[in-house]
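What follows is a single structure, written as structure tokens, with notes after it.
The values are calculated or read from the model by the stated rules, or taken from the named source; none is laboratory data. These numbers were taken from a predicted model, which means no experiment stands behind them. Every residue, glycine as well, gets a Cβ built from its backbone with ideal geometry; the counts of neighbours run over all protein chains shown. Each accessible area value is taken on the protein alone, full model and side chains, heavy atoms only, with ligands, DNA and RNA left out. Shrake-Rupley method; radii C 1.70, N 1.55, O 1.52, S 1.80 Å.
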Amino acid sequence: MSVAKTTLPDILGKKRRGEKITQVTAYDYPVARLVDEAGIDMILVGDSVGMVVLGYENPIPVTVDDIIYHTRPVARGAKKAFIVGDLPFLSYHVSVEDTIRNSGRIIQEGGADAVKLEGGKEVAGKVKALVDVGIPVQGHIGLMPQRATVLGGISVQGATAESAAGILEDAFALEEAGAFSVVLEYVAAEAAGAITERLGIPTIGIGAGPHCDGQVLVVHDVFGVYEKAPPFARKYADLRGVMLDALKGFEGDVTAGGFPGEEQTFRMDQGEKNKLDKLLDRA
Ligand code: KIV
């Protein structure tokens, strides 16, 4: 049965109607299938893959090839969700040409519908250039993990009036450049609410309070499989516990001789067994 793909007008329409927008990260086929089945609007193939899948301390080592590699199975699995591929560190900083080439690869080779990049006013020119060639862009401001060092670590952004006003200016710059939505990460709820009210495009919050037009979470945090989840994530299951029990069960069964059992064992018929015994006697 064919399913209708979520489109940009679908997402923008949700903001107009006051309906909440949902987005989670995914990095592989089975999770992308589950996200579709759960009816979630958008998938982000985030550079968080670096931490939750590849075991890095931060997203800096993630490459465009990593994002393409993980977007491909997501695009095969998700037939409905709108797929956003993250532009990793240094893939959109050097030049407009580089930005378009790298974004084009994520769309063309990976199968994403859009790209996401971190930054406000300073990346507005790149956002406009992408939109001009037909690549939809999701902005990302507030806490920007690719710049965590310059931002002074992982901490709440927009907690003073002055810093909130700066984030609002960045949000306006992204909207004006043609971004279709903007992620607000780890932003004081009052600031995120003020931005959401003033922006025509949807705000998607992560650690940015309840007033955003939508919410995004890293799927490993939703599942409860990542040990270093941020304070703003909510664990909807304890899959780490379930997975650990499963592995301990396997280990216990094998060492005690309980696996494989009769159900997982495939036997010769008696005639073939007799023939084998004769052959072995002669050998
Ligand atoms: O890479 C990522 O998962 C993200 C989300 C935290 C928004 O950028």
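Assorted remarks:
- Taken together, the criteria exclude Thr7 from residues that are within 16 Å of the ligand (Cβ to nearest atom) and touching a residue at least 24 places away in the same chain (Cβ under 8 Å).
- Any chance Gly142 is touching a Gly at 6+ places or on another chain (Cβ under 9 Å), at pLDDT 95 or above, open to solvent by less than 10 Å² (accessible area, probe 1.4 Å) and closer than 27 Å to Pro230 by Cβ: yes
- Residue in the stretch 54-86 that is nearest to the ligand (Cβ to nearest atom), counting only those that are within 12 Å of the chain's Cα centre (by Cα) and free of Cβ contacts under 8 Å to residues at least 60 places away in the same chain: Asp86
- For Val218, the conditions (1) under 16 Å from Val52 (Cα atoms); (2) of a type in the set (A, V, I, L, M, F, W, C); (3) at pLDDT below 95 are fulfilled apart from (3).
- Every residue from the stretch 144-171 that is over 17 Å from Thr203 (Cα atoms), within 16 Å of the ligand (Cβ to nearest atom) and of a type in the set (S, T, N, Q): Gln146, Ser155
- The stretch 182-196 residues that are free of Cβ contacts under 8 Å to residues at least 24 places away in the same chain, paired with ones that are within 16 Å of the ligand (Cβ to nearest atom) and open to solvent by 20 Å² or more (accessible area, probe 1.4 Å) (beta carbon under 7 Å, 6 or more apart): Ala189/Gly209; Gly193/Gly209; Thr196/Asp213
- Members of the stretch 101-131 that are surrounded by fewer than 20 Cβ atoms within 10 Å (Cβ to Cβ), touching a Gly at 6+ places or on another chain (Cβ under 9 Å) and in a loop (DSSP other than H, G, I, E, B): Gly111
- One residue stands out in the stretch 217-266 among those that are touching a Gly at 6+ places or on another chain (Cβ under 9 Å) and of a type in the set (Asp, Glu): the one that is farthest from Ile206 (Cα to Cα), namely Asp253.
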